[in-house]
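The values are calculated or read from the model by the stated rules, or taken from the named source; none is laboratory data. What you are looking at is a predicted structure, and each value in this text was computed from that prediction instead of being measured. Every residue, glycine as well, gets a Cβ built from its backbone with ideal geometry; the counts of neighbours run over all protein chains shown.
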RNA sequence: GCCUGAGUGGCGGAAUAGGUAGACGCACAGGACUUAAAAUCCUGCGAGGGUUAUACCUCAUGCCGGUUCAAGUCCGGCCUUAGGCACCA
């Protein structure tokens, strides 16, 4: 048992006093930038899940430093946004104070676990010095036409009383509180992220993200290739344009469907004979929440627009037009051509409304269901007889373009980013509305637009930001004409501050620029970025978009901000469920550090299982790791005066194993390899100083305190944090003998220890001499013998 | 419904250019030390059969097939489960 409290305190002080983890801008050394997602400093304090990912990347950072790199491993606080605000409201304090208090708690907790962050670069997104530049960058978006204000139906959370982006309300419920989201019309600031769909897709090829992350990003961007086709509306000048990925089925169109909000309905309202029914349906659709529209009601509803007919441009057939909420205004053109024979949704609609179904691809049975597979084209004019879907599509698109009734078209699910929130606790959007001049950006010299220091910041029911009620703040002269004008009262979403924070770390105290170009050129991309899988879509996409934009206008040197992206698995309670107060399964890292020490906690979290998978907490498992550290500690009593290594092969193998495992996030097997080494050392009873030094050196990235202390009291050399990472000799990883396995018909019948250089012939000879092997081949015909050098012999008999 | 992963002892998990399944740890059991407990140390530990004891044999990596001298690993088809997307035309 060692005095972990004293030791951990001692070394944490040592690192601080020696600035051991300071990253130096412009150093001669090779740089390495490691980033972990900065946390929301919530009132709940640090979670053992944070400890897992911080320790993992800390181990990498410590190893890189020992490998001679100038490492940037920073930490800060993502302190704007709903959680901080709700905590403040619940505890009746100003969010600013709540944030400060929580940051203090978090920082203290992180420091007790000995993570090697460079605290000199710490900042919070809520610092005026920081959000000044977030606002400045918003103005850049505005300047380049990528920020615009639009009145559009937005996702509104009635509980949080704020607008949500499409990303924040996926599944029709509020990401934050789970309340079903409703539609509300509101003027909102938008960022033209959809313009970047293709670049965001292409850029993935320049990253080394995990494949699953790339797939998630691609799915989110949702590229689909097809065609737009123009349908004339009979007896009018209107054209109804649709997007389809299946222009090959154009001859099978038997009706059209437009979204309830489609503008054509207003344009042609005088010709629609059943306008009352149409209005009623529109009303009904509007009151449906996104949840009802997408989740609950898969049953098709709709109304036929009586008096209107569309004309199929290929064969001049007149077909009916319906409105239905299964067509979304936000995607494509808000209108579709329906081919019930070959699309499940159209099929369901056609069946319900008794619309004809025309088969154009053979292979299915239209009496039973839509057929979406391949087959021979029929009833399709020029396409008849074709059997390859891709060829048919290409041919049809060529025909559409030739006859000018359609064109090739690519669509994306990715939409523009709704950038307004009706909240107090966010970066004020630096725009002013003047009656005469319209929207005017706040001049750069007036940045930051500070949040007012008031007591009332709770969200309002009328959909306005709490800032709107603060007239002193709202009323301000127009920067353009000087007449009294009004500030924008919406604030930015909490994703804003996290969309460029890694850049700020490179030059965190710069008051002239958001970051100097020199700093950005030196640090380059983030080499390794780790965060939660839940951020693999939204945050990562916003951050990449933001960075690509800055790159395109020449403000940053790399188009892609991150090289490697990894994700950690969650730590669950000991019952296998997510930790929560109500379930009573929350493990407090403070208590663990107090009772077992930071090193034990760190070692356990690395040993708990596959880093990328979730893992259930086990206090017994933690105790096992504490026991391991106690045994390491006791090895100092086993030191002898001999030189070199006791077991050259084992040491070299262990260095190789740990070195590789730390690169591939296989922390659990790295710890296990060190446990094996300790087991061997204990069996040997006596070990050399080199044995011990190498063991603690390899263990140091995971358990930095105990290892530094042992290194010091055993006088093994310079502090580990100032020493070079151990190297291994590949040639010395091979032992002189191996266990030769002998199989008969693939079943193991014997093992024998023999020299590594034993020839194939000798191996076969040795194999046959084993008694049990003899018994199994006795009296049988040997068909063949397989010999794998340094592995096994398999004798096949009949 | 679609896209990703993952299914191995009582438990967490090792092992994939196909080559000893169960490393390492936990739990459990027996023993040592102790007045006793804790801690620590030693031994055992997939299931079944077999032996005085060794030996040895059979079965076993979600299920069913296949390829191979040899399959946890490769192929085909299922089942279960976790995560992501979802009326996206």
Could you figure out which of (1) farther than 20 Å from residue A:719 by Cα; (2) modelled with pLDDT of 95 or more isn't true of residue A:19?
(1)
Residue count, segment A:212-231 (criterion: part of a strand (DSSP E or B), more than 9 Å from RNA strand B (Cβ to nearest atom) and surrounded by 18 or more Cβ atoms within 10 Å (Cβ to Cβ))
3
Among the residues of segment A:749-761 satisfying the criterion of being over 13 Å from residue A:739 (Cβ atoms) and in contact with a strand residue (DSSP E or B) (Cβ under 8 Å, 6 or more places away or on another chain), which is surrounded by the most Cβ atoms within 10 Å (Cβ to Cβ)?
A:749
Within segment A:788-798, of all residues that are in a strand (DSSP E or B) and within 9 Å of RNA strand B (Cβ to nearest atom), the one surrounded by the fewest Cβ atoms within 10 Å (Cβ to Cβ) is A:788
Residues A:611, A:542, A:604: which one is under 22 Å from the mean Cα position of the chain (by Cα), within 24 Å of residue A:48 (Cα to Cα) and surrounded by 19 or more Cβ atoms within 10 Å (Cβ to Cβ)?
A:611
Read through the list (1) within 16 Å of RNA strand B (Cβ to nearest atom); (2) touching a residue at least 24 places away in the same chain (Cβ under 8 Å), then give the number of the only condition that residue A:748 fails.
(2)
Name the single residue, out of those in segment A:315-327 being within 16 Å of RNA strand B (Cβ to nearest atom) and in a loop (DSSP other than H, G, I, E, B), that is surrounded by the most Cβ atoms within 10 Å (Cβ to Cβ).
A:327
With the requirement that a residue be near RNA strand B (Cβ under 8 Å from one of its atoms) and more than 13 Å from residue A:746 (Cα to Cα), what does segment A:771-782 give you?
A:771, A:772, A:775
Before we move on, is residue A:753 modelled with pLDDT under 90 and out of contact with any helix residue (DSSP H, G or I) (no Cβ under 8 Å at 6 or more places or on another chain)?
yes
So residue A:411, is it in contact with a helix residue (DSSP H, G or I) (Cβ under 7 Å, 6 or more places away or on another chain) and either touching a residue at least 24 places away in the same chain (Cβ under 8 Å) or under 14 Å from residue A:227 (Cβ atoms) (or both)
no
Among the residues of segment A:46-59, is there at least one that is out of contact with any helix residue (DSSP H, G or I) (no Cβ under 8 Å at 6 or more places or on another chain) and either assigned to a loop (DSSP other than H, G, I, E, B) or surrounded by fewer than 19 Cβ atoms within 10 Å (Cβ to Cβ) (or both)?
no
With a cut-off of at least 1 residues that are surrounded by 15 or more Cβ atoms within 10 Å (Cβ to Cβ) and within 12 Å of RNA strand B (Cβ to nearest atom), name the helices (runs of 4 or more DSSP H) lying wholly within segment A:623-739.
A:648-663, A:667-684
Residues of segment A:509-539 classified as assigned to a strand (DSSP E or B) and surrounded by fewer than 17 Cβ atoms within 10 Å (Cβ to Cβ), total:
1
Right, residue A:620: assigned to a helix (DSSP H, G or I), at pLDDT 90 or above, more than 12 Å from residue A:55 (Cβ to Cβ) and more than 7 Å from RNA strand B (Cβ to nearest atom) or not?
no
Residue count, segment A:477-507 (criterion: in contact with a helix residue (DSSP H, G or I) (Cβ under 9 Å, 6 or more places away or on another chain) and surrounded by fewer than 20 Cβ atoms within 10 Å (Cβ to Cβ)):
2
Are there strands (runs of 3 or more DSSP E) fully within segment A:108-211 with at least 2 residues that are on the phi < 0 side of the Ramachandran plot and surrounded by fewer than 16 Cβ atoms within 10 Å (Cβ to Cβ)? List them.
A:147-157, A:182-191
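Per-residue answers, yes or no, for (1) more than 11 Å from RNA strand B (Cβ to nearest atom); (2) closer than 25 Å to residue A:71 by Cβ; (3) not in a strand (DSSP E or B):
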{"site": "A:543", "(1), (2), (3)": "yes, yes, yes"}
{"site": "A:548", "(1), (2), (3)": "yes, no, yes"}
{"site": "A:566", "(1), (2), (3)": "yes, yes, no"}
{"site": "A:579", "(1), (2), (3)": "yes, no, yes"}
{"site": "A:601", "(1), (2), (3)": "yes, yes, yes"}
{"site": "A:604", "(1), (2), (3)": "no, yes, yes"}
{"site": "A:612", "(1), (2), (3)": "no, yes, yes"}
Over segment A:751-770, the set of residues more than 11 Å from RNA strand B (Cβ to nearest atom), in contact (Cβ under 8 Å) with a residue 12 or more places away in the chain and not in a loop (DSSP other than H, G, I, E, B) is A:754, A:755, A:760, A:763, A:764, A:766, A:767, A:768
Would you tally the residues in segment A:235-260 being outside any loop (DSSP other than H, G, I, E, B), in contact (Cβ under 8 Å) with a residue 40 or more places away in the chain and away from RNA strand B (no atom under 13 Å from the Cβ)?
1
Total residues in segment A:263-275, condition crowded, with 20+ Cβ neighbours inside 10 Å and within 16 Å of RNA strand B (Cβ to nearest atom)
2
Quickly run through segment A:276-289 and pick out the residues that are buried (at least 18 other Cβ atoms within 10 Å of the Cβ) and either at pLDDT 95 or above or more than 16 Å from RNA strand B (Cβ to nearest atom) (or both).
A:278
Just one of A:443, A:459 is farther than 30 Å from residue A:360 by Cα and in contact with a helix residue (DSSP H, G or I) (Cβ under 7 Å, 6 or more places away or on another chain); which is it?
A:459
How many residues, within segment A:524-542, are in contact with a helix residue (DSSP H, G or I) (Cβ under 8 Å, 6 or more places away or on another chain) and farther than 24 Å from residue A:611 by Cα?
1
